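Here, each number is a calculation from the coordinates, and none is a lab measurement. Owing to the predicted nature of the structure, the values given are computational and were not obtained by experimental measurement. Backbone-built Cβ (ideal geometry, glycine too); neighbour counts: all protein chains shown.
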Amino acid sequence: MKSPLLSLPGAVAAEGVDEDVAAHYGDLFREQRALADGTGFVDLSHRGVVTVTGPDRLSWLHLLLTQHVSELPPGRATEALVLSANGHIEHALYLVDDGETVWAHVEPGTQEALIAYLESMKFFYRVEVADRSADVAVVHLPAGSIAEVPDGVAVRETAHGRDLFLPRHDLESYAEKTGPPAGVLAHEALRVEQHRPRLGFETDHRTIPHELGWIGAAVHLQKGCYRGQETVARVQNLGKPPRRLVFLHLDGSDVHLPPRGTEIRLADEGPDGRRIGVVTTSVRHYELGPVALAVIKRNVPVDAPLTAGDTAAAQETVVAP
């Protein structure tokens with residue numbers, strides 16, 4: 001459903017999975033600076049919202065997710081993955097428990113498949129799973145924000161800011177009090193700067209957690225069994241992932257950013273060289289200029305100059321080879 005905040009002055013709709021919220025409100029760099037300074041908010045009301053209630057909610061989720069959540073204290077934010085039997089990433093959840101309910105937001109349009117999986121695994125556990133996307137909107141407040149949080153609203157607080165699970169009917173009135181708004185492009189620029197992967201952007205059908213640095217942040221290595229754990233343990237103990245996430249500084253003289261899926265090659269091999277990876281997210285950052293996240297082959301030397309399409313690129317290590 002389209003956000004009502006697309007009617008705000010200057011709002012320009014985003015594209016792709018983010019099309020139901022604003023890309024920006026007329027000044028991309030100003031919006032980035034505001035978020036970096038701890039002011040404003042980001043409308044993420046297009047994201048899916050899933051809740052789990054019932055006395056067994058944490059122990060049950062502990063069996064299904066990659067994160068250790070059986071003893072998750074109320075109010076402590078965490079993130080977790082759902083893996084396939086072969087260890088490939090299927091879902092990413094950003095969650096918090098408020099003492100009675102686990103609240104999670106997920107990528108737009110993925111909540112139905114996630115809920116179908118969770119429902120199939122309920123068995124005798126005392127849990128109830130619900131899609132709350134229609135009546136709850138996610139709003140992001142940047143780190144350092146002193147904006148008011150309404151009473152009774154579940155909050156995920158992390159080093160990157162706070163995610164509010166706001167009643168959807170309060171979204172417009174909250175925006176009026178909390179502005180100025182920043183679009184998802186500003187939010188994405190800071191995400192790229194912070195080297196944080198995003199499902200559907202940095203992932204494909206064969207991505208495993210080690211490739212993106214999700215070990216620790218979303219995958220706990222000292223917990224019991226869950227689907228896909230064998231792959232995680234094998235890579236952790238016996239080998240290396242085939243690919244790795246990198247941060248790219250792009251040539252600022254190019255007018256256009258290389259879009260997602262742009263092929264990456266070694267610069268010294270020229271435009272006909274072998275493909276060693278792809279751009280996954282590219283942005284214009286208010287301080288760093290054009291930058292990107294990319295996934296490349298693990299054995300590419302960390303100091304090798306690269307090209308993303310026709311754009312020169314220098315890599316910065318995110319996941320060690």
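What the Cβ-Cβ distance of residue 310 and residue 221 gives, at R0 = 41 Å and to the nearest 0.05, is a FRET efficiency of 0.50. Restricting the GluC sites (Glu not before Pro) of segment 76-124 to loop positions (DSSP other than H, G, I, E, B) with no more than 15 neighbouring Cβ atoms within 10 Å leaves 100.
Here the dipole of segment 67-180 is about 200 debye; that uses its Cα centre as origin and unit charges on the Cβ of Lys and Arg (positive) and Asp and Glu (negative). The stretch between residue 251 and residue 1, if pulled fully straight at 0.36 nm per residue, gains 86.3 nm over its current Cα-Cα span. For segment 162-227, which GluC sites (Glu not before Pro) pass both filters: DSSP loop (anything but H, G, I, E, B) and at most 13 other C-beta atoms within 10 Å? Sites meeting the loop and neighbour criteria: none at all. Projecting label points 7 angstrom from Cα along Cα→Cβ for residue 126 and residue 12 puts them 5.4 nm apart. Distance between the 7 Å Cα→Cβ label points at residue 169 and residue 116: 3.2 nm. Here segment 293-321 is scanned for amide nitrogen atoms under 11 Å from the site 7 Å beyond the Cα of residue 269 along Cα-to-Cβ, giving 297, 300-301, 307. Among the listed pairs 223/297; 2/297; 177/223, a Cα-Cα separation exceeding 31 Å is found for 2/297; 177/223. Between the exposed loop cleavage positions of the chain, defined as chymotrypsin sites (Phe, Trp or Tyr not before Pro) in a non-H, G, I, E, B DSSP state with at most 11 neighbouring beta-carbon atoms within 10 angstrom, the longest gap is 125-321. Please identify every one of the trypsin sites (Lys or Arg not before Pro) in segment 258-321 that sits in a loop by DSSP and has no more than 12 other beta carbons within 10 Å of its own beta carbon. Qualifying residues, ordered by number: 274. Between residue 205 and residue 317, the C-beta separation translates, for a Förster distance of 25 Å, into a calculated FRET efficiency of about 0.50. If you place +1 on the Cβ of every Lys and Arg and -1 on the Cβ of every Asp and Glu, how big does the dipole about the Cα centre of segment 1-154 come out, in debye to the nearest 20? It works out to roughly 180 debye.
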